[in-house]
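Written out below as structure tokens is the structure these notes cover.
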Amino acid sequence: MLYFDTSLLVAALTPEAESGRVEAWIGAQDAGSLVVSDWVTAEFSAALSVKLRNRQIDEAQRAEALAGYSVLCAESLMILPVSHEQFHTAARFADRYALGLRAGDALHLAICADHGTTLCTLDRRQSDAGPSLGVAAILV
């Protein structure tokens, strides 16, 4: 199973330099094997709010991206819940300070570790950290 982190979905659903390439890559994946987590849902909304505040998108683009995410979730993505234990695993991952993980990135990796999924991301630091934490990762 492939776990899409927030960076991948933001690039696919809002205008960014990598949008076309990311959209094509996602489109080439088998829809039956794609997952996100409840954390992605929260982080995606927050990322769109940041883009709106920074005037990178307007309200109509934000609404379109949220609608696109909802359609993806309904048609192509399975949503994994986030557990208490995964937050503790994320803390242990973040404790490995040399990896330079932010809390949210550590949580994505902890969810992947728990479910045995492959992390798919645009974040090089996160993808580089994955294997040292026992998580397969693809830098898209």
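The values are calculated or read from the model by the stated rules, or taken from the named source; none is laboratory data. The model shown is predicted, which means the values in this text are computed figures rather than measured ones. All Cβ positions, even for glycine, are placed from backbone atoms using ideal geometry, and neighbour counts span all protein chains on display.
Looking at this structure, is SER37 surrounded by fewer than 16 Cβ atoms within 10 Å (Cβ to Cβ) and small (Gly, Ala, Ser)?
The answer is no for SER37.
Can you find a residue that is of a type outside the set (S, T, N, Q), farther than 14 Å from SER7 by Cβ and touching a Lys or Arg at 6+ places or on another chain (Cβ under 7 Å) anywhere in segment 34-52?
yes
Count, please, the residues in segment 30-72 that happen to be under 18 Å from LEU119 (Cβ atoms), among the hydrophobic types (A, V, I, L, M, F, W, C) and free of Cβ contacts under 8 Å to residues at least 40 places away in the same chain.
2
Condition test on SER7, is it modelled with pLDDT under 95, among the small types (Gly, Ala, Ser) and surrounded by 12 or more Cβ atoms within 10 Å (Cβ to Cβ)?
no
Being more than 15 Å from ALA11 (Cα to Cα) and in contact with a helix residue (DSSP H, G or I) (Cβ under 8 Å, 6 or more places away or on another chain) is the filter; apply it to segment 52-66 and report the residue that is surrounded by the most Cβ atoms within 10 Å (Cβ to Cβ).
ASP58
Run down ALA31, ALA12, ALA74 and say which single residue is aliphatic (A, V, I, L, M) and over 22 Å from LEU139 (Cα atoms).
When all the criteria are applied, what remains is ALA74.
Every residue in segment 107-133 that is part of a loop (DSSP other than H, G, I, E, B) and either under 12 Å from VAL36 (Cα atoms) or out of contact with any helix residue (DSSP H, G or I) (no Cβ under 6 Å at 6 or more places or on another chain) (or both), please.
Within segment 107-133, GLY116, THR117 qualify.
What's the total number of residues in segment 1-29 that are without any contact (Cβ under 8 Å) to a residue 24 or more places away in the chain and β-branched (Val, Ile, Thr)?
Residues flagged as without any contact (Cβ under 8 Å) to a residue 24 or more places away in the chain and β-branched (Val, Ile, Thr) within segment 1-29 amount to 1.
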